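A short write-up of the structure that comes next.
Just so it is clear, none of the values below were taken in a lab; they were calculated from the coordinates. Note that the coordinates shown come from a computational prediction; the quantities given were computed from them, not determined experimentally. Glycine gets a Cβ as well: all are built from the backbone with ideal geometry, and neighbour counts include every protein chain shown.
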Amino acid sequence: MKDLQDLEITRDYNVSLDRLWSAVTRPEQIAQWLGPEGTRLERCDVDFSQLGPYTCVMIGLDSGNRFEVSGQVTHVQPPEDGSGSVGFTWAWHDDQDQRGHESHVTFSVQPTDTGARLILTHRGLASEEQSLSHESGWLSTLSKLDKLLT
C-alpha cells in the first residue's frame, strides 16, 4: 500500500479566539464558507460543536456536478483554556453514493498576539494527487472563510 499523505494549512485572523471557534464549529457559520469557490451548498448537515455524523452536498456552479462528503465528528475540544480543536473523518461519495477512502481533518484554533490562528490538518489522504487536490480545495475554501472573518 502506498504511503498516506498529510497536509497542513495555517491562517492567522484578526478576530477573537471565540469568533474563530464559532466560525469553524457552528452550523450557521460553516454554511457561509464551507466548500471551494465556484460551489454552492445544496445541503449541509454539519455541526462541528458536537460529536456525531455529518453530511455536506456541494454543487458546482458552472458544471452542476454534485459532490457529497460525509463522516463523523471524532472529537471536540473547545478553547476554554487557550487552544481548542475539532476533528472529523472525511470521505467523498461516488456516483453510486458509496463512500470512498476515509481520511481525517482537524481544525485547531489558538490565540495569537493579534487575534487567533487556525491550523487545518488533513491526514491520511490516499495519494499525492489526492493531497494536492485537497490542498487546492482547502485553500479555496479558506479564502471564503477569510472573507467571512474580515
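Below are the figures for this structure:
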quantity	calculated
Debye, to nearest 20: dipole size of the range 5-148, +1 on Lys, Arg Cβ, -1 on Asp, Glu Cβ	300
Dipole axis of the chain (+1 Lys, Arg; -1 Asp, Glu on Cβ), positive-most option in SER131, SER49, SER70	SER49
Read-out mean projected area of the Cα convex hull in nm², derived from the coordinates shown; its label in (i) 8.0; (ii) 12.1; (iii) 9.0	(iii)
Peptides 129-142, 72-85 ordered by average Cβ neighbours within 10 Å, highest first	129-142, 72-85
Environment charge of HIS93, counting only residues whose C-beta is closer than 10 Å and scoring Lys/Arg +1, Asp/Glu -1	-2
Alpha-carbon centroids, the range 87-150 and the range 34-64: separation in whole Å	12
Local net charge near SER143, Cβ-Cβ under 14 Å (Lys/Arg +1, Asp/Glu -1)	0
Helical mean residue ellipticity (222 nm; -39500 (n - 2.57) per DSSP H run of 4+; nearest 500) of the chain	-7000 deg cm²/dmol
Neighbourhood net charge (15 Å Cβ-Cβ; Lys/Arg +1, Asp/Glu -1) for THR25	-3
Label-point gap, in nm, between ASP45 and ASP18 - each point 7 angstrom along Cα→Cβ	3.1
